1. Filter the range 103-139 for residues that are assigned to a strand (DSSP E or B) and surrounded by 11 or more Cβ atoms within 10 Å (Cβ to Cβ) and give the result.
2. Inspect the range 215-232 for any residue being surrounded by 15 or more Cβ atoms within 10 Å (Cβ to Cβ) and either assigned to a loop (DSSP other than H, G, I, E, B) or at pLDDT below 95 (or both) and give the result as yes or no.
3. Picking from P84, P154, P148, P168, which residue would you name as being closer than 21 Å to L65 by Cβ and either in contact (Cβ under 8 Å) with a residue 24 or more places away in the chain or small (G, A, S) (or both)?
4. Any idea how many residues of the range 177-213 are within 30 Å of L124 (Cβ to Cβ) and of a type outside the set (D, E, K, R)?
5. Pick from the range 171-203 the residues that are outside any helix (DSSP H, G or I) and either touching a residue at least 60 places away in the same chain (Cβ under 8 Å) or of a type outside the set (F, W, Y) (or both): which of them is farthest from Y77 (Cα to Cα)?
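The values are calculated or read from the model by the stated rules, or taken from the named source; none is laboratory data. Remember, predicted model here, so these are calculated numbers, not experimental data. With ideal geometry, Cβ positions are generated from the backbone for all residues, glycine too; neighbour counts draw on all protein chains shown.
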Amino acid sequence: MSSNNNNYGLQDDMIQPDVQQNNNFTPLQHVTPEPIPTGNLANQNQQQPQSTTAASIPRTLYQRLSESSHPMALLAYLIFRIAPLLIYLFGLLFTSNYILNFIVVILLLSADFWNVKNISGRLLVGLRWWNESNELGQQVWVFETADPNRYINPIDSKCFWLFIYLSPVCWIILGIFAILKFQFLSLILVGVALALNMTNGMAYNKCDKFGKANTIASSVMGSVAGRLNPFARFF
């Protein structure tokens, strides 16, 4: 019986596992799961790269001109500004008929002068000028400006002022080449073009300054009248 007990004891000792109890354990930390983005936020994230990509795509000249408030007037203005220069260069390089070239360029310059003076300036930038005689027989410049509250499209304004100053510069460069090549007949045509372009340029420059000064004076007089009028605050 004792032998059996000893065998059972040995067996118990051999079966019993050697486990060390470790009291220094780290408790589990509660981790809060991140919220899953909703459908609207996911759509915004998908649409954001597309919007930035669309904004980075350069716009064509047609897209820029289509933003004009008066696209037909702007197109006519650009055509009449550029056409005399192109016809003049074409006549110098590819034709020997100077008389025909002279007549065509003069007609285009006259059409451009009339268009800029009466139509393009009034529609694109809200300015207009003309010349008249007073009672003493003197020539007087008359300037007309649109309502200050009228919206002026930046595309129209930039194109108008860019070509109103760029066109005379181009004619001056062509005049220098005509002098260097001793083309005095072409120099006459360049002189006519410079006279017409610079007249419009100076007139619109004065008209623009007149309009700004008139707007400032009107605002100052309105503020002064409002301060001097004791009943202005009741109306």
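1. L127, R128, W129, W130, N131
2. There is no residue in the range 215-232 that is surrounded by 15 or more Cβ atoms within 10 Å (Cβ to Cβ) and either assigned to a loop (DSSP other than H, G, I, E, B) or at pLDDT below 95 (or both).
3. Details: P154 fails: either in contact (Cβ under 8 Å) with a residue 24 or more places away in the chain or small (G, A, S) (or both); P148 fails: closer than 21 Å to L65 by Cβ; P168 fails: closer than 21 Å to L65 by Cβ.
Checking each option against the conditions leaves just P84.
4. 21
5. Step by step, filter the range 171-203, then rank; the result is K181.
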